[in-house]
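Okay, so here's the structure we're looking at.
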Amino acid sequence: MSEFLGYARPDGQIGIRNRVAIVYTTHCSMVVAQRLQDLFPEGTQLFGYPGGCALREAPVNKIVALAKHSQYAAALVVGLGCEGTDAYMVADAIAESGKPVEAIKINECGGDIETIRAGSRILVEMLQQASQAERATMTPADLIVGQECGGSDATSGLASNPITGVAADLLIEAGGTYMHSEVNELLGCGEILAERAANPAVAAEVREAIEEAERQSFASGRFSWGYGNILGGLTSIEEKSYGCLAKSGTSPLQGILRRYERPPGAGYYIQIGEPGSGTFSGDPEGINQFAACGAHLALFTTGCGSTTGGLIPVIKIIANPHRAQLIADNADLDATPVIRGERTIQEMGEALYAEILAVAAGKRTKSEIYRHYEA
């Protein structure tokens, strides 16, 4: 598949999905925003800032970056009216993307019922406008793909992550962009990645990023190591790190993306989130972090069987023959043939790349079908 249709946005981005964002600016407006989303479940997505009472730059930046994502044709911002994270301020920041944005405040509308009434009318109009979004031709070179692993086990490093590395190389070879995060799971891999850096500055940057993650791990006494990892057969943090490295593929490292920075060009990047964003937790945070950096979709490898998703389409890959049966209804790619010796990593990587293109062209992932839009 060399060409497929996406959705043109005013800022030049092209999206692979066409939705309307409902954004709450404080915990106090979350319930009303949820009610609006319940009324219009098809075509809308809900996320926001559970705090919001005090204005904090990091989480505000994140919800603005998410609302600017190419998959959203428009955004409705729902606030209470007295919080520091002002709904009009957030709406103005989102509107810089050129897409239609409106803000409503519960205190100004006269309570929940009137806010839901006003928001409903706005959403009907936005959804109608979204249905008329201009289509634009896309190729694999237009795609940005993120990769996250969660509930890693021994099969993650042996099969699932190497498969995503192959798919990443194929995407980059076609002119596309690939990123992963989790530098705290790359401890000890700094020199290996530095050797793949596009230039000395990038080499120094990746060394420092991994060394900083190591310092933070020692300072807090916490490493990226969980009960599920041990249960799944991982014997050490070193084994987990090399399993994580396998998802990087073999392409040159073009740079480190910090906070909500979009990739400046095609190729392979490592993404580092903004400290203190505080808007999401767990595996979906990594996926939504990719979305904030412009990723169209995410790959999610899991050995223990995580079922979570995120705001963008998520392709789940599992290679554990025992666990695959437990989440067969949630996995998009069964990679167990690699563990059984029936298919090679290269063959399964090519199958995953084909799945990436199919999802970009409109095929719905299981996380989308089940509405696993964790935020």
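The values are calculated or read from the model by the stated rules, or taken from the named source; none is laboratory data. Note that the coordinates shown come from a computational prediction; the quantities given were computed from them, not determined experimentally. No Cβ is skipped: glycine too gets one built from the backbone with ideal geometry, and neighbour counts run over all protein chains shown.
Points to keep in mind about this one:
- Residue that is surrounded by the fewest Cβ atoms within 10 Å (Cβ to Cβ), among those in region 122-143 that are under 30 Å from GLY243 (Cβ atoms) and in contact with a helix residue (DSSP H, G or I) (Cβ under 8 Å, 6 or more places away or on another chain): PRO140
- Among the residues of region 144-155, the ones that are more than 19 Å from the chain's Cα centre (by Cα) and either within 17 Å of ILE287 (Cα to Cα) or buried (at least 24 other Cβ atoms within 10 Å of the Cβ) (or both) come to 2 in all.
- In the set (1) modelled with pLDDT of 90 or more; (2) in contact with a Lys or Arg (Cβ under 7 Å, 6 or more places away or on another chain), the condition left unmet by PHE290 is number (2).
- Failed criterion for ALA201 (all others in (1) modelled with pLDDT of 95 or more; (2) in contact with a strand residue (DSSP E or B) (Cβ under 6 Å, 6 or more places away or on another chain); (3) within 26 Å of SER217 (Cα to Cα) hold): (2)
- Residue within region 68-80 that is in a helix (DSSP H, G or I) and either surrounded by 24 or more Cβ atoms within 10 Å (Cβ to Cβ) or out of contact with any strand residue (DSSP E or B) (no Cβ under 9 Å at 6 or more places or on another chain) (or both) present: no
- Meets criteria (among the acidic types (Asp, Glu), at pLDDT below 95 and assigned to a loop (DSSP other than H, G, I, E, B)) for GLU274: yes
- Flag if SER29 is in a loop (DSSP other than H, G, I, E, B), small (Gly, Ala, Ser) and surrounded by 19 or more Cβ atoms within 10 Å (Cβ to Cβ): no
- Looking across ASP112, ASP92, one residue alone is over 28 Å from ASN61 (Cβ atoms) and either under 24 Å from the mean Cα position of the chain (by Cα) or modelled with pLDDT of 95 or more (or both). It is ASP112.
- Subset of region 37-61 (residues that are in a helix (DSSP H, G or I) and under 11 Å from VAL23 (Cβ atoms)): GLN37, VAL60
- Of everything in region 329-342 that is under 22 Å from the mean Cα position of the chain (by Cα) and over 23 Å from ILE14 (Cβ atoms), the residue that is surrounded by the most Cβ atoms within 10 Å (Cβ to Cβ) is ALA335.
- Of the listed requirements (1) within 24 Å of GLY249 (Cα to Cα); (2) surrounded by fewer than 18 Cβ atoms within 10 Å (Cβ to Cβ); (3) not charged (D, E, K, R), ALA319 misses just one: (2).
- Residue that is surrounded by the fewest Cβ atoms within 10 Å (Cβ to Cβ), among those in region 343-375 that are touching a helix residue (DSSP H, G or I) at 6+ places or on another chain (Cβ under 7 Å) and among the small types (Gly, Ala, Ser): ALA375
- Residues (touching a Leu at 6+ places or on another chain (Cβ under 7 Å), more than 15 Å from ILE144 (Cβ to Cβ) and assigned to a loop (DSSP other than H, G, I, E, B)) located in region 155-211: LEU186, CYS189, ARG196, ALA198
- Residue list for region 29-48, filter: of a type outside the set (S, T, N, Q) and over 17 Å from the mean Cα position of the chain (by Cα): MET30, VAL31, VAL32, ALA33, ARG35, LEU36, ASP38, LEU39, PHE40, PRO41, GLU42, GLY43
- Subset of region 104-119 (residues that are of a type in the set (A, V, I, L, M, F, W, C) and not in a helix (DSSP H, G or I)): ILE104
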